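Trainee: So that we are looking at the same thing, I have put the structure below in structure tokens.
The values are calculated or read from the model by the stated rules, or taken from the named source; none is laboratory data. For clarity, every value in this text was computed on a predicted model and none was experimentally measured. Please note: Cβ atoms are built from the backbone with ideal geometry, for glycine as well, and neighbour counts cover all protein chains shown. We work out accessible area using only protein heavy atoms, side chains counted, and drop any ligands, DNA or RNA first. Shrake-Rupley method; radii C 1.70, N 1.55, O 1.52, S 1.80 Å.
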Amino acid sequence: MTILSNMLLSFLAAASFGVMFNVPKKLLVKCGTVGMAGWMVFFFLSEHAVDPLPSTVAAAFTVAVIGHVYARVYKTPVIIFTVAGIIPLVPGGTAYRAMRAFVQNDYENALSLAAKAFMISGSIALGLVLSDVFYQLILRKKMRPENDAAV
Amino acid sequence: MDANLEEKYDIMDVSLLAGKIMLENGAETYRVEDTMMRIAQAFGIPESHSFVTPTGIMFSIETDEPTKTKLTRISRRTTDLYKVSAVNSISRRISAGELTTIQAYRELKELQTAPMFFSFMMQIFAAASASGCFVILLKGSWDNVLPAMIAGGLAYFIVLKVSDVVPTMFFSEFMAALAGGTLSYLFYRIGFGGDLDRIIVGALIPLVPGLLITNAVRDLMAGHFISGLAKGAEALLTALAIGSGIAVVMTFI
């Protein structure tokens with residue numbers, strides 16, 4: 001039940017962000033699936049008590065790899081797919097708790113929460129970097145070598 | 001000779017306009033540079049250089065005549081990924097030789113002024129639905145969904161409206177966070193939703209500068225350090241503006 005509602009809602013959330021960013025209508029569903037895939041990776045890893053940092057790296061990596069594949073197949077810029085998928089991973093809750101702690105003069109907690117939020121943001125970046133490397137090394141060779149507009 | 005020269009300027013105009021539209025609507029720097037160079041190449045200019053920053057584009061082409069350079073200033077930046085993908089497909093058609101300079105320029109001009117595909121209300125609704133979804137994704141309970149949706153819709157409404165009225169950067173995010181936070185707190189006080197933290201986080205999710213974060217990373221990786229750092233700074237300041245808005249609300253709680 002939790003799994004199902006998480007799948008459904010992460011799909012809906014990513015598609016909603018697609019609408020806010022004015023993604024072409026026929027690609028909204030694909031945006032949703034990218035977001036869902038990323039979130040489910042994160043969800044399953046955190047359910048199995050994996051630290052948020054590696055979970056975030058894995059989820060961002062998944063998002064970007066699927067994004068690259070979609071971008072190739074549908075001949076559209078890759079950001080259309082990755083942006084919506086990345087948003088669920090952004091440490092909004094942690095950043096919020098850090099801010100609340102700062103306001104309450106609880107600097108010790110605030111700093112550790114802020115550091116955590118910063119590290120999670122770094123993990124998103126790392127996941128994106130890894131997927132680009134992966135894409136350039138493997139996917140680009142396997143899929144059509146046709147040298148058309150950069151994806 | 002004169003006609004030839006004029007045509008080269010036309011090619012530059014098409015490239016620059018394509019780059020401008022892409023950059024204004026949220027494309028990554030390297031994609032903008034790449035598209036501009038490809039367009040120039042397709043129109044028969046083998047060597048061109050583009051230097052793209054978030055606030056301006058410099059583009060020069062090398063021909064038999066002395067090098068020509070043009071500059072475009074980018075002052076307004078929004079997120080409209082439809083336009084990014086539309087320019088991308090126009091550039092593909094140019095590469096395939098399907099469009100002349102005049103046709104391409106006309107299509108780009110038309111695209112530049114095209115309105116958002118999704119209506120204002122649709123976007124507000126999408127923001128509200130994203131807010132609601134995140135309450136559950138962040139392990140909140142269902143009774144917090146509706147207040148988060150309303151507060152999130154209001155926050156996004158304010159972001160869109162205030163940025164039209166007050167051009168000061170980051171002020172709209174600050175106001176939106178302030179309003180979203182205040183409304184969440186009011187809901188919490190009257191017993192509409194029992195988990196203030198999750199309502200606020202959900203309500204603020206539509207404000208998160210996700211596109212900037214992604215683009216900043218991608219630009220830095222592609223070696224566009226100026227753009228990457230500038231976008232990273234913009235993302236950080238946006239986050240700070242949201243945080244300050246919420247901080248104001250929390251000092252009064």
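Trainee: Which condition number in (1) open to solvent by 40 Å² or more (accessible area, probe 1.4 Å); (2) within 11 Å of chain B (Cβ to nearest Cβ); (3) farther than 19 Å from residue B:208 by Cα; (4) touching a helix residue (DSSP H, G or I) at 6+ places or on another chain (Cβ under 8 Å) is the one that residue A:24 fails?
Mentor: (1)
Trainee: Within the bounds of segment B:21-37, is there any residue that is in contact with a helix residue (DSSP H, G or I) (Cβ under 7 Å, 6 or more places away or on another chain), within 23 Å of residue B:110 (Cβ to Cβ) and surrounded by fewer than 22 Cβ atoms within 10 Å (Cβ to Cβ)?
Mentor: No.
Trainee: Against the condition facing another protein chain (nearest Cβ under 10 Å) and β-branched (Val, Ile, Thr), how does residue B:182 come out, does it pass? Spell out how you get there, then give the answer.
Mentor: Values: facing another protein chain (nearest Cβ under 10 Å): no; β-branched (Val, Ile, Thr): yes.
No: the conditions fail for residue B:182.
Trainee: Also, quick follow-up: For residue B:117, only one of the following conditions fails: (1) at pLDDT 85 or above; (2) in contact with a Phe, Trp or Tyr (Cβ under 9 Å, 6 or more places away or on another chain); (3) within 8 Å of chain A (Cβ to nearest Cβ); (4) surrounded by fewer than 16 Cβ atoms within 10 Å (Cβ to Cβ). What is its number?
Mentor: (1)
Trainee: Which of the residues that make up segment A:11-35 are in contact with a Leu (Cβ under 6 Å, 6 or more places away or on another chain) and assigned to a helix (DSSP H, G or I)?
Mentor: Answer for segment A:11-35, where residues must be in contact with a Leu (Cβ under 6 Å, 6 or more places away or on another chain) and assigned to a helix (DSSP H, G or I): A:15, A:18.
Trainee: In segment B:120-132, which residue that is of a type outside the set (Gly, Ala, Ser) and facing chain A (nearest Cβ under 7 Å) is farthest from the chain's Cα centre (by Cα)? Let's see the steps before the verdict.
Mentor: Kept after step one, since they are of a type outside the set (Gly, Ala, Ser), are these residues of segment B:120-132: B:120-125.
Next cut, facing chain A (nearest Cβ under 7 Å) only: B:122-123.
Working: B:122: 18, B:123: 15 Å.
Looking at the filtered set, the residue picked out is B:122.
Trainee: Within segment A:63-98, track down each residue that is closer than 20 Å to residue A:42 by Cβ and polar (S, T, N, Q).
Mentor: A:82, A:94
Trainee: For segment A:43-59, give me the residue count where each residue is aromatic (Phe, Trp, Tyr) and open to solvent by less than 40 Å² (accessible area, probe 1.4 Å).
Mentor: Count: 1.
Trainee: Could you figure out which of (1) of a type in the set (Gly, Ala, Ser); (2) more than 10 Å from every other protein chain (Cβ to nearest Cβ); (3) part of a helix (DSSP H, G or I); (4) farther than 21 Å from residue A:135 by Cβ isn't true of residue A:38?
Mentor: So the condition that residue A:38 fails would be (4).
Trainee: Still on this structure, please answer the following. Can you name the number of the only condition in (1) over 22 Å from the mean Cα position of the chain (by Cα); (2) more than 12 Å from chain A (Cβ to nearest Cβ); (3) in contact (Cβ under 8 Å) with a residue 40 or more places away in the chain that residue B:248 fails?
Mentor: All conditions pass for residue B:248, except number (2).
Trainee: Keeping to segment B:134-153, report how many residues are at the interface with another protein chain (Cβ under 8 Å from one of its Cβ atoms) and touching a residue at least 60 places away in the same chain (Cβ under 8 Å). Break it down stepwise before answering.
Mentor: The initial filter retains those residues of segment B:134-153 that are at the interface with another protein chain (Cβ under 8 Å from one of its Cβ atoms), namely B:134, B:136-138.
Filter once more, so that each one left must be touching a residue at least 60 places away in the same chain (Cβ under 8 Å): B:134, B:138.
So the answer is 2.
Trainee: Given (1) more than 19 Å from the chain's Cα centre (by Cα); (2) surrounded by fewer than 24 Cβ atoms within 10 Å (Cβ to Cβ); (3) within 14 Å of chain A (Cβ to nearest Cβ); (4) assigned to a helix (DSSP H, G or I), where does residue B:229 come up short, assuming only one miss?
Mentor: Evaluating residue B:229 over (1) more than 19 Å from the chain's Cα centre (by Cα); (2) surrounded by fewer than 24 Cβ atoms within 10 Å (Cβ to Cβ); (3) within 14 Å of chain A (Cβ to nearest Cβ); (4) assigned to a helix (DSSP H, G or I) leaves (1) as the failure.
Trainee: Only one of B:166, B:145 is surrounded by 18 or more Cβ atoms within 10 Å (Cβ to Cβ) and assigned by TED's automatic domain parsing to the domain that holds residue B:208; which?
Mentor: Working: B:166 fails: surrounded by 18 or more Cβ atoms within 10 Å (Cβ to Cβ).
None of the others qualify; the one that does is B:145.
Trainee: Related question: Among what's in segment A:103-118 and is at pLDDT below 90 and open to solvent by 100 Å² or more (accessible area, probe 1.4 Å), pick the residue that is nearest to the chain's Cα centre (by Cα).
Mentor: A:118
Trainee: Give segment A:135-150 a look and list any residue that's part of a helix (DSSP H, G or I) and either surrounded by fewer than 13 Cβ atoms within 10 Å (Cβ to Cβ) or modelled with pLDDT of 85 or more (or both), or say none. Break it down stepwise before answering.
Mentor: Going residue by residue through segment A:135-150, those that are part of a helix (DSSP H, G or I) are A:135-142.
Of everything in segment A:135-150, those that are part of a helix (DSSP H, G or I) and either surrounded by fewer than 13 Cβ atoms within 10 Å (Cβ to Cβ) or modelled with pLDDT of 85 or more (or both) turn out to be A:136, A:137, A:138, A:141, A:142.
Trainee: So which residues in segment B:26-58 are away from chain A (no Cβ under 14 Å), over 27 Å from residue B:216 (Cα atoms) and either small (Gly, Ala, Ser) or not in a strand (DSSP E or B) (or both), if there are any at all?
Mentor: B:43, B:44, B:45, B:46
Trainee: Among the residues of segment A:81-102, count how many are under 16 Å from residue B:217 (Cβ atoms) and either aliphatic (A, V, I, L, M) or open to solvent by 10 Å² or more (accessible area, probe 1.4 Å) (or both).
Mentor: Filtering segment A:81-102 for residues under 16 Å from residue B:217 (Cβ atoms) gives A:81-87, A:89-91.
Pick out the ones that are also either aliphatic (A, V, I, L, M) or open to solvent by 10 Å² or more (accessible area, probe 1.4 Å) (or both) and you get A:83-84, A:86-87, A:89-91.
Residues in segment A:81-102 being under 16 Å from residue B:217 (Cβ atoms) and either aliphatic (A, V, I, L, M) or open to solvent by 10 Å² or more (accessible area, probe 1.4 Å) (or both): 7 in total.
Trainee: Just checking, how many residues over segment B:89-114 are touching a helix residue (DSSP H, G or I) at 6+ places or on another chain (Cβ under 7 Å) and at the interface with chain A (Cβ under 9 Å from one of its Cβ atoms)?
Mentor: 2
Trainee: Right, here's the next one. Kindly evaluate residue B:59 against the criterion of being in the same structural domain as residue B:13 (by TED's automatic domain parsing), open to solvent by 10 Å² or more (accessible area, probe 1.4 Å) and of a type outside the set (Ser, Thr, Tyr). Give the derivation first.
Mentor: Values: in the same structural domain as residue B:13 (by TED's automatic domain parsing): yes; open to solvent by 10 Å² or more (accessible area, probe 1.4 Å): no; of a type outside the set (Ser, Thr, Tyr): yes.
Against the criterion (in the same structural domain as residue B:13 (by TED's automatic domain parsing), open to solvent by 10 Å² or more (accessible area, probe 1.4 Å) and of a type outside the set (Ser, Thr, Tyr)), residue B:59 does not qualify.
Trainee: So, of the residues in segment A:60-80 that are open to solvent by 10 Å² or more (accessible area, probe 1.4 Å) and under 23 Å from residue B:86 (Cβ atoms), which turns out to be nearest to the other protein chains (Cβ to nearest Cβ)?
Mentor: Of everything passing the filter in segment A:60-80, A:76 is nearest to the other protein chains (Cβ to nearest Cβ).
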